[in-house]
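The values are calculated or read from the model by the stated rules, or taken from the named source; none is laboratory data. For clarity, every value in this text was computed on a predicted model and none was experimentally measured. Positions of Cβ are backbone-derived with ideal geometry, glycine not excepted, and every protein chain shown enters the neighbour counts.
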Amino acid sequence: MTTGRYREEVFNVLLALALHERGVISAPEQSLRQAVQQNRVVPDVLVVYQGLRTIIEGKVDDHRDARDAVIQQTRERVEKGIAHIGVAVLYPKEFRSIPFAELQDAVRSARLQIAVFSEAGEMGWSEGGLDYLAELLGRTYHQLVEEDVVTRAVQSLDQGVTEFAQTVYVTPASIARAASILGIGEAPRRKRQSQAVPGSARDEEEED
């Protein structure tokens with residue numbers, strides 16, 4: 001293969017290899033190289049950044065819907081828990097016609113359109129090369145650590161409990177309705193045992 005309309009997966013794999021060579025990510029290098037050499041389809045390029053699953057999704061910027069399509073795919077990968085971090089990339093349309101022997105160098109030196117997604121939020125489109133992408137990944141990692149997604153989840157839970165408590169206070173009947181839905185019955189009442197009081201009429205009758 002010398003020139004031609006390469007599949008977008010080829011660019012994703014070459015980008016992953018370039019990042020791996022720089023020590024930015026961990027990736028199965030041999031598998032990635034075989035995928036390129038054997039012209040195999042790689043549905044998702046899943047790599048590891050600082051211990052976090054990171055996915056690379058790319059489209060070539062040679063059709064109108066490329067930007068929206070790659071954004072949607074990348075966002076879904078993160079929302080479904082396939083990856084902690086998602087990298088959306090728009091490759092320049094000139095990549096389609098570069099001879100294969102020169103393609104890896106082209107990926108290493110290109111300025112790409114990049115957007116990054118994670119549980120901490122989204123970084124919109126910006127432009128840069130491999131060093132810039134490494135910087136974006138670093139920022140995303142620190143956001144995940146510093147913004148503490150777990151803390152926000154606990155706060156959301158606390159808010160829900162508070163709202164429920166306020167509702168119960170205003171409408172006490174909601175407790176009975178909730179108990180009925182959950183199948184919770186009324187607690188059994190304890191029978192109080194009567195005890196004879198010394199000097200009482202009952203006590204005197206027992207002495208007779």
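Tabulated values for the structure
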item	result
Of residues in the range 94-119 being farther than 30 Å from H142 by Cα and in contact with a strand residue (DSSP E or B) (Cβ under 7 Å, 6 or more places away or on another chain), the one surrounded by the fewest Cβ atoms within 10 Å (Cβ to Cβ)	R96
Residue check, A106 without any contact (Cβ under 8 Å) to a residue 40 or more places away in the chain and part of a helix (DSSP H, G or I)	yes
Flag if T54 is surrounded by 20 or more Cβ atoms within 10 Å (Cβ to Cβ), modelled with pLDDT of 90 or more and in contact with a His (Cβ under 9 Å, 6 or more places away or on another chain)	yes
Residue check, L90 modelled with pLDDT of 90 or more and either in a helix (DSSP H, G or I) or more than 17 Å from V13 (Cα to Cα) (or both)	no
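Residue-wise test of (1) touching a helix residue (DSSP H, G or I) at 6+ places or on another chain (Cβ under 6 Å); (2) in the same structural domain as A18 (by TED's automatic domain parsing); (3) farther than 16 Å from L19 by Cα.
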| site | (1), (2), (3) |
| --- | --- |
| D68 | no, yes, yes |
| I71 | no, yes, yes |
| G81 | no, yes, yes |
| R96 | no, yes, yes |
| L112 | no, yes, no |
| V116 | yes, yes, no |
| W125 | no, yes, yes |
| E135 | no, yes, no |
